[in-house]
Amino acid sequence: MQKAEQFPELQYRDLDQQREAAELGMWIFLTTELLLFGGLFISYAVYRHTYPEVFAEASRHLDTVIGTVNTGILIISSLGMALAVYGAQTAKRKRLLFGLIAAIVFGTAFMVLKGIEYYHHYLNAEFPGLRFDYSVPDAKGKQVFFFLYFAMTGLHAIHLTIGIVLVCIILYLAYRRRFSPDYYTPVENAVLYWHFVDIIWIFLFPLLYLIDVHK
Amino acid sequence: MNSEITLERPEIEPINYLNARHGIASWLLTTDHKRIALLYMISLTLMFFVGGFFAILIRLELLTPQGDLVTADTYNKLFTLHGLVMVFFFLIPSVPTVLGNFILPLMIGAKDLAFPRLNLLSWYLYLLGSAFIIWCLATGGLDTGWTFYAPLSTAFSNTQVIKGITGVFIVGFSSILTGLNFITTIHKLRAPGLTWFRLPLFVWTIYATSMIQVLGTPVLAISLTLIAVERVFRVGIFDPTLGGDPILFQHLFWFYSHPAVYIMILPGMGVVSEVIPTFARRPIFGYNFVAYSTFGIAFFSFLVWGHHMFVAGESMYAAMAFSVLSFAVAVPSAIKVFNWTATLYKGSISYDTPMLYSLGFIGLFTIGGMTGLFIASLGVNVHVHDTYFIIAHFHYIMVGGMVMAYFSGLHYWFPKISGRLYPEGWAKLAALIVFVGFNLTFFPQFVLGYMGMPRRYYAYPPEFQVLNVLSTAGASILGVGYILPLIYMIWAWKFGPKAGNNPWGATGLEWTTPSPPPEFNFDITPVVTEPPYNYPTVDDDE
Amino acid sequence: MIKVAGMLLLLDFQLLPPTASSEAAKLDSLFFFLVALCGTVATLIIIFILYFVVKYRRRTPDQLALSGRSYRTLELAWTLIPFAIFLFIFYWGAKLYFNLMTPPEDAIEINMVGRQWMWKVQHPEGQREINTLHVPLGRPVKLAIASQDVIHSFFVPAFRIHLDVVPGRYRTIWFKATETGTFHLFCSQYCGTQHSGMKGDVVVMEPEEYARWLNSGSEGSAASEGQKLFRQLSCNTCHTGDSTARAPFLGGLYGKQVNLQGGDTLLADDNYIRQSIVDPEARIVAGYKPIMPTFKGQVDEEQIMLLISFIRSLKEGREQIPPVSDPAGPQPSPVGDAIRQSETNANAGNQPRTNANSTDQE
Amino acid sequence: MKVISETTYYIICGSLLVFTVLTYLAALVDLGEWNLVVALIIAAVKGSLIILFFMHARYSSHLTWMVIGAALLWLGILFSLTLSDYLTRIPFASVLIF
């Protein structure tokens, strides 16, 4: 199995060229992902400009503690992925497996906490589309805020879920010893994807959770 | 046409991409870019005629001022699906996925695209997207206009909006993957010696197109997703009654959909930049300027989307910025037209069909582009916004420009794709019919637009009738012009004379392999040592 | 050919819309300038192409092209010269646009509502019409247009004006008719099934005739209609006009700067009043509590316009707010307008004419 | 492909966590409109650290840098031109109402 992967596909001159192409392809894909989120970020900017006070008020309904803890969790999961690459590059199999498992565990923890938050918003009738109280003051701006909150964190959560599934597959392949310092492109690309999802969250966190919390 | 080669050819057909493998699975599971190009060609042709059928019905309805052929609802569905199918399922994928897929790897001396399986996936996504559109059509259609403006599409239309949006969303991903594949291929798989400034201009334009696809399509995807979410869950991100702003949707939509116009036209320009040097037997005039202007267009195309919204409620100052930028994007287009014209100077020009289509392209694109100046001008825009003037303008670009270029490219590379020659006489006749029919269809619409006929009207005041009758007459002629190539190309594929490797005497790596090319394009990876379009010339005596 | 020629004669064939407003003529000059410019350039390009194609046609199958060189100056010339021309066109077009978007001070203000699939018009004097808009000749008319459902677009080809009407806000445009007659009014932004049925007429009348028309069958001015509504909705229980009132005093409010909670100030215009009715808590006047209920759903766009007309007609002074106890209260002062005032004295209420909002005076 | 040492990864992760706490603390101080700016700057720094070290961009080819640059440039276009509308709308009195 491992041997077969050592040869480049027909259209490539050598493995290096193939690896470079795969990496370039991944970066271009991340570009499209960035612009996908970009559409939501610009909507956020527009509506925060339209409803500044309402956004600040609505932001106080989010759980800052969970938000902060989740940020930390995601950063640590990213560390796990970084260590996985290191393990793959240096043929340290344990490091590779450990890193991947850490990422899966912390990624799942993030999702669980996120789910708890979502559930609380549902109970508080702050979930536009499912349960939302339109009788509160400034319901419109609040509705837009919570819609954007769910759209942005929801899209992020979808990406993270895909990431977890992806890492599970990588973990299986790593367990079957499919990677070597010569060939670890799938690990590398999964890591790029994971870090990208992480970066999105790093921006979501202050934008959604921390609007004027000092008031 | 090199007849000696045909005569000396042995009886047994050499192995090529068409006869190397057999069976339906060898097509449906192929990763060969040439076969995928053919798969695309078949599905695109189908969608083209579906869209064309809607167009004919629209034109027939507009023959009389009253609505009598179909109901208002049906008419709205017709123009919506005409737009949707033609834009997303024909024009945007046309040249990149058919000609680009087939020719691009050949042009750069590669054995395949960088990600062949991804390429096949793109085609399946395209099919899935089309299936959604057909499903949407079968279950009652869609009446929001291809622009999906909120809040009509989110809160008022009671047609199959979600299915339509899903179809476009999926085909958008097909488009992204194709673009990603092309960019990687052009960067990584060029033959040794093929530097950027030795690339044929077609490659440049496909590269620029892919950039737009990759950078623009995600924004369309997210804006359509938001429309769908708003519609399904009754939340408001664009609906003003729930706190949203409908203008924001237009911003997001046109951020992609204006550059999308250049996704459609840029590869067409690439085709023309190949065809004109070949049939004038001269290097293209000002290669660098044409190449840079390609990127100029791609970049500026992202800065002008606001000109769709001059009277839609955007700020007056933003409108001014968008207007001046829109004029700026016209400059690189003008550069291209001037350079193509100058290439003809001192050439050795033959009038083969691809050349006729390309010359037609220059003429029609010039008119389309120049009427763009009218629309980019704020004052005139206030009057002609959403009238037939706009319709005529973008059909001159998309049909007069893009479809002409697509036909030009199809004829130009038909010998390479099929290994055979099409019947020249019939092809010239078809080109003539298309040219005449097109102008008769769309030129009256400029006048109609300035007179004030709004777009998407199914009944109109009687004084607009004469011009509408002319337009409908032109459309029927145009229809004949489109069906003709379908017939003779299918015939030529089977019975046409053998073409030989290089029937046009063109430069370019794609003409150095046999026609049809072998499965992996080149037996030996070619090495490039000269600039593109390096045609021999004789000294000018004058 | 004969048939087409016959149709040309029979159907009163025309190639241009009527030119019936002051801006239309200005726009036409830009348009014809562009037609001439682009026509010349396009013709030149086509002549060049045809000339080259014929002159340099391939005479023998293996004829080679003549050698040439590239001309950098030529390339720069056809890059920079078009750009300079484009900037000039931009300037011209932008100037026209700026004019169209800035109504003159002395314009008559007419309110319109677009909805699926009709145009409702409300004249300040109380006349209402559907799918027809009567305007006087030679006077600037400012339209304030709102939409009740989807995006519509107000389009009068003869005036060369076009305005998308976006739900949720007022948009304004103006014109000055220069020709009497009846002209098309279209909705040009696709708005659903009967989009092509959403059309009507603009009738331009001589000023005297227009004044007569306004006077005929009027149900009372928009301001008085608004006042009735004001009472019906019990607005006057809070907006009493007392210093102890729970709600801000409305007299003389229109067109003034308002101090908001949080220190911002804001111009009390149509949009602000409209927002205060449908979404009262969005912007609260400094010193008041957010107690006002929303009236969204209880009043439609037309009624909001009536209320705005009423508030606009109020001058500084208390007596105009109808007391709760007096449902039959005094007749309000209508919005002032020179033409109407000269013709419709009978309709005027018992308030002195000086109540009229001065900005509406000619 | 260059191998980055584990120590670097730990240091980067540590600083990211510190920056996270910093984001939270900065939000507690009333800086007026600068709260948003500070939060975004810290987020940008964190993002850059991840791109440069975790995603190895620091050791990547010019091509990767071009792709990153293009992504940010286009995001900038989307933001600046859309906001050019929203930030200059006052003359139209186009507050959102309803």
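Applying the set (1) closer than 25 Å to residue B:421 by Cβ; (2) in contact (Cβ under 8 Å) with a residue 12 or more places away in the chain to residue B:473 leaves exactly one unmet item: (1). Considering every residue within the range A:15-28, establish whether at least one is touching a residue at least 60 places away in the same chain (Cβ under 8 Å), over 21 Å from residue A:178 (Cβ atoms) and within 23 Å of the chain's Cα centre (by Cα). There is at least one residue in the range A:15-28 that is touching a residue at least 60 places away in the same chain (Cβ under 8 Å), over 21 Å from residue A:178 (Cβ atoms) and within 23 Å of the chain's Cα centre (by Cα). Screening the candidates B:123, B:146 for the property of being more than 14 Å from chain A (Cβ to nearest Cβ) and not in a loop (DSSP other than H, G, I, E, B) yields one hit, B:123. Working only within the range D:26-52, note down all residues that are under 10 Å from the mean Cα position of the chain (by Cα) and surrounded by fewer than 17 Cβ atoms within 10 Å (Cβ to Cβ). Result: D:40, D:41, D:44, D:45, D:48. Scanning the range C:177-232 for residues that are among the aromatic types (Phe, Trp, Tyr) and over 26 Å from residue C:16 (Cα atoms) yields C:210, C:213, C:230. Scanning the range B:412-453 for residues that are buried (at least 22 other Cβ atoms within 10 Å of the Cβ), of a type in the set (Ser, Thr, Tyr), more than 20 Å from the chain's Cα centre (by Cα) and more than 14 Å from chain C (Cβ to nearest Cβ) gives a single hit, B:422. Would you check if residue B:334 is over 28 Å from residue B:89 (Cβ atoms), touching a Phe, Trp or Tyr at 6+ places or on another chain (Cβ under 8 Å) and in contact (Cβ under 8 Å) with a residue 24 or more places away in the chain? It is true that residue B:334 is over 28 Å from residue B:89 (Cβ atoms), touching a Phe, Trp or Tyr at 6+ places or on another chain (Cβ under 8 Å) and in contact (Cβ under 8 Å) with a residue 24 or more places away in the chain.
Could you list all residues from the range A:124-157 that are surrounded by fewer than 19 Cβ atoms within 10 Å (Cβ to Cβ) and either outside any helix (DSSP H, G or I) or away from every other protein chain (no Cβ under 11 Å) (or both)? Those that are surrounded by fewer than 19 Cβ atoms within 10 Å (Cβ to Cβ) and either outside any helix (DSSP H, G or I) or away from every other protein chain (no Cβ under 11 Å) (or both): A:124, A:125, A:129, A:130, A:131, A:133, A:134, A:135, A:136, A:137, A:157.
Quick grid of which residues meet (1) of a type in the set (A, V, I, L, M); (2) in a helix (DSSP H, G or I); (3) away from chain B (no Cβ under 14 Å):
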position: A:16; (1), (2), (3): no, yes, no
position: A:22; (1), (2), (3): yes, yes, no
position: A:55; (1), (2), (3): no, yes, no
position: A:66; (1), (2), (3): yes, yes, yes
position: A:72; (1), (2), (3): no, yes, yes
position: A:78; (1), (2), (3): no, yes, yes
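Residue A:110 falls short on exactly one of the conditions (1) farther than 21 Å from residue A:41 by Cα; (2) outside any helix (DSSP H, G or I), and that condition is (2).
The rows are residues; the columns are (1) at pLDDT 90 or above; (2) in the same structural domain as residue C:26 (by TED's automatic domain parsing); (3) touching a helix residue (DSSP H, G or I) at 6+ places or on another chain (Cβ under 7 Å).
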site: C:152; (1), (2), (3): yes, yes, no
site: C:159; (1), (2), (3): yes, yes, yes
site: C:169; (1), (2), (3): no, yes, yes
site: C:181; (1), (2), (3): yes, yes, no
site: C:189; (1), (2), (3): yes, yes, no
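Against the condition aromatic (Phe, Trp, Tyr), more than 14 Å from chain A (Cβ to nearest Cβ) and in contact with a Cys (Cβ under 9 Å, 6 or more places away or on another chain), how does residue B:202 come out, does it pass? For residue B:202, the condition - aromatic (Phe, Trp, Tyr), more than 14 Å from chain A (Cβ to nearest Cβ) and in contact with a Cys (Cβ under 9 Å, 6 or more places away or on another chain) - is not met.
Each residue in the range D:1-26 was checked for being at pLDDT 90 or above, farther than 16 Å from residue A:75 by Cα and within 8 Å of another protein chain (Cβ to nearest Cβ), and 0 pass.
One line per residue, one yes/no per condition, for (1) modelled with pLDDT under 90; (2) surrounded by fewer than 18 Cβ atoms within 10 Å (Cβ to Cβ); (3) not assigned by TED's automatic domain parsing to the domain that holds residue C:175:
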position: C:11; (1), (2), (3): yes, yes, yes
position: C:32; (1), (2), (3): no, yes, no
position: C:41; (1), (2), (3): no, yes, no
position: C:60; (1), (2), (3): yes, yes, yes
position: C:66; (1), (2), (3): yes, no, yes
position: C:82; (1), (2), (3): no, no, no
position: C:100; (1), (2), (3): yes, no, no
position: C:103; (1), (2), (3): yes, no, no
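None of B:137, B:91 is in a helix (DSSP H, G or I), at pLDDT below 95 and surrounded by fewer than 24 Cβ atoms within 10 Å (Cβ to Cβ) except B:137. Just to be sure before I move on: is residue C:80 among the aliphatic types (A, V, I, L, M) and more than 7 Å from chain B (Cβ to nearest Cβ) in the structure I sent? Considered against the rule, which asks whether it is among the aliphatic types (A, V, I, L, M) and more than 7 Å from chain B (Cβ to nearest Cβ), residue C:80 comes out as yes.
Criterion applied to A:79, A:100 was being closer than 22 Å to residue A:159 by Cα, touching a Cys at 6+ places or on another chain (Cβ under 6 Å) and not β-branched (Val, Ile, Thr), and the one residue passing it is A:79. In the range B:204-242, the residue that is surrounded by the fewest Cβ atoms within 10 Å (Cβ to Cβ) out of those that are of a type in the set (Phe, Trp, Tyr) and under 22 Å from residue D:77 (Cα atoms) is B:207. Selection of the range B:310-330 for residues being under 17 Å from residue D:88 (Cα atoms), surrounded by fewer than 24 Cβ atoms within 10 Å (Cβ to Cβ) and within 8 Å of chain C (Cβ to nearest Cβ) yields B:313, B:316, B:320, B:324.
Residue count for the range B:59-88, restricted to those that are polar (S, T, N, Q) and either surrounded by fewer than 24 Cβ atoms within 10 Å (Cβ to Cβ) or closer than 30 Å to residue B:417 by Cα (or both): 4.
Would you be able to say whether some residue in the range A:73-89 is free of Cβ contacts under 8 Å to residues at least 12 places away in the same chain and surrounded by fewer than 22 Cβ atoms within 10 Å (Cβ to Cβ)? Scanning the range A:73-89, I find no residue that is free of Cβ contacts under 8 Å to residues at least 12 places away in the same chain and surrounded by fewer than 22 Cβ atoms within 10 Å (Cβ to Cβ), so the answer is no. Going by the structure shown, is residue B:470 within 29 Å of residue C:35 (Cα to Cα), among the hydrophobic types (A, V, I, L, M, F, W, C) and surrounded by fewer than 20 Cβ atoms within 10 Å (Cβ to Cβ)? The answer is yes for residue B:470.
All told, residue C:92 falls short of being in the same structural domain as residue C:23 (by TED's automatic domain parsing) and modelled with pLDDT under 90. Residues that are over 24 Å from residue A:191 (Cβ atoms), without any contact (Cβ under 8 Å) to a residue 12 or more places away in the chain and touching a helix residue (DSSP H, G or I) at 6+ places or on another chain (Cβ under 9 Å) within the range D:9-33 comprise D:21, D:24, D:29, D:31, listed in sequence order.
Restricting attention to the range C:119-138, the residues that are buried (at least 18 other Cβ atoms within 10 Å of the Cβ), under 16 Å from the mean Cα position of the chain (by Cα) and in contact (Cβ under 8 Å) with a residue 24 or more places away in the chain add up to 9. Just wondering, is there one or more residues in the range C:188-197 that are more than 7 Å from every other protein chain (Cβ to nearest Cβ) and either part of a strand (DSSP E or B) or on the phi > 0 side of the Ramachandran plot (or both)? Looking through the range C:188-197, none of the residues is more than 7 Å from every other protein chain (Cβ to nearest Cβ) and either part of a strand (DSSP E or B) or on the phi > 0 side of the Ramachandran plot (or both). Among the numbered criteria (1) among the hydroxyl-bearing types (Ser, Thr, Tyr); (2) within 27 Å of residue B:466 (Cβ to Cβ); (3) outside any loop (DSSP other than H, G, I, E, B), which one does residue B:26 miss? Exception for residue B:26: condition (2).
The values are calculated or read from the model by the stated rules, or taken from the named source; none is laboratory data. All of these numbers come straight from a predicted model, not from anything done at the bench. Cβ: placed from backbone, ideal geometry, glycine included. Neighbour counts: every protein chain shown.
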